[in-house]
1. Hey, among 61, 26, which residue is modelled with pLDDT of 95 or more, basic (Lys, Arg) and away from ligand 2 (no atom under 16 Å from the Cβ)?
2. Does at least one position in the stretch 122-131 carry a residue that is among the basic types (Lys, Arg) and part of a strand (DSSP E or B)?
3. Could you check the stretch 173-199 and list, in sequence order, the residues that are over 20 Å from residue 10 (Cβ atoms) and either buried (at least 20 other Cβ atoms within 10 Å of the Cβ) or in contact with a His (Cβ under 6 Å, 6 or more places away or on another chain) (or both)?
4. Go through the stretch 1-23 and give me each residue that's under 27 Å from residue 131 (Cα atoms), more than 10 Å from ligand 2 (Cβ to nearest atom) and of a type in the set (A, V, I, L, M).
5. Have a look at 112, 72 and point out the one that is touching a Lys or Arg at 6+ places or on another chain (Cβ under 7 Å) and within 8 Å of ligand 1 (Cβ to nearest atom).
6. Tell me, which residue of the stretch 120-144 that is closer than 21 Å to residue 176 by Cα and away from ligand 2 (no atom under 16 Å from the Cβ) is surrounded by the most Cβ atoms within 10 Å (Cβ to Cβ)?
7. Which number in (1) within 14 Å of ligand 1 (Cβ to nearest atom); (2) within 21 Å of the chain's Cα centre (by Cα); (3) surrounded by 12 or more Cβ atoms within 10 Å (Cβ to Cβ) marks the one condition that residue 94 misses?
Amino acid sequence: KFDAVIFDLDGVITDTARYHYLAWKRLAETQGVPFDEAFNEHLKGIDRMGSLDLILASAARSYTQEEKLALADEKNRHYVQLISTMSPADLLPGAVPALDACRAAGLKIGLASVSKNAFAVLEMLGITGKFDYVVDAAKIAKGKPDPEIFLKAASELGVAPERCLGVEDAVAGVASIKAAGMTALGVGDPAVLTQADRVIPGLDRFSLAV
Ligand code: B16
Ligand code: MG
């Protein structure tokens, strides 16, 4: 049924979603903006500047573009510090077996993360070599839920979107996969990922039978 599987990174292969949360929380506190796990759920899969705009929407004042870029940099410094000790021990259960199962089934494997830290995270996890193609988030104009990033991965892998399975933990990510015309495997809560074709709790339950 599929010729390629395109994985999201944060929240699917490793739990960097937790580190993004902590880094944003620290930044939000300096700006006196309320921030909690429920709000963070809306930021999953949203790129750095898009996330910042959502957080600052409830701020008491407005920010210039220059100030926003400085705040985004500050968040990224917190984040880079938090992920600096990552290692293969941070791979989520089932992540490597899922990648190996796709490889054994003869499928192409792509990575579609909007994170500009994705290459560094793959290196720390020791799994860079398991992907045929990793999208460079810096070259993506429109983040998730726009389909651009998943379509880019499919075209670079040389596979038609309808022959691709996308794997995502975020509402915006599942929307991106569906807008690309692909099948979506959600990782998380079916009550949250309502647009997914199937939802599993984690990659330890991964199967190509979607
Ligand atoms: P960075 P994904 C996304 O990665 C995260 O889910 C999201 O929370 C984060 O803001 C975004 O990457 C940008 O990350 O600041 O490192 O460029 O889920 O698409 O792998
Ligand atoms: Mg994600």
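The values are calculated or read from the model by the stated rules, or taken from the named source; none is laboratory data. What you see is a predicted model; the values in this text were computed from it and never measured. Every residue, glycine among them, receives a Cβ derived from its backbone with ideal geometry; neighbour counts consider all protein chains shown.
1. The match here is 26.
2. To start, the set of residues in the stretch 122-131 that are among the basic types (Lys, Arg) comprises 130.
Within this subset, residues satisfying the condition of being part of a strand (DSSP E or B) are none.
Looking for residues that are among the basic types (Lys, Arg) and part of a strand (DSSP E or B), one finds none in the stretch 122-131, hence no.
3. 183
4. Correct list: 4, 5, 6.
5. Among 112, 72, only 72 is touching a Lys or Arg at 6+ places or on another chain (Cβ under 7 Å) and within 8 Å of ligand 1 (Cβ to nearest atom).
6. 133
7. Of the numbered conditions (1) within 14 Å of ligand 1 (Cβ to nearest atom); (2) within 21 Å of the chain's Cα centre (by Cα); (3) surrounded by 12 or more Cβ atoms within 10 Å (Cβ to Cβ), the odd one out for residue 94 is (1).
Okay, residues lined up against (1) closer than 14 Å to residue 45 by Cα; (2) in contact with a Phe, Trp or Tyr (Cβ under 6 Å, 6 or more places away or on another chain); (3) not polar (S, T, N, Q):
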{"site": "122", "(1), (2), (3)": "no, no, yes"}
{"site": "127", "(1), (2), (3)": "no, no, yes"}
{"site": "137", "(1), (2), (3)": "yes, no, yes"}
{"site": "147", "(1), (2), (3)": "yes, no, yes"}
{"site": "155", "(1), (2), (3)": "no, no, no"}
{"site": "184", "(1), (2), (3)": "no, no, yes"}
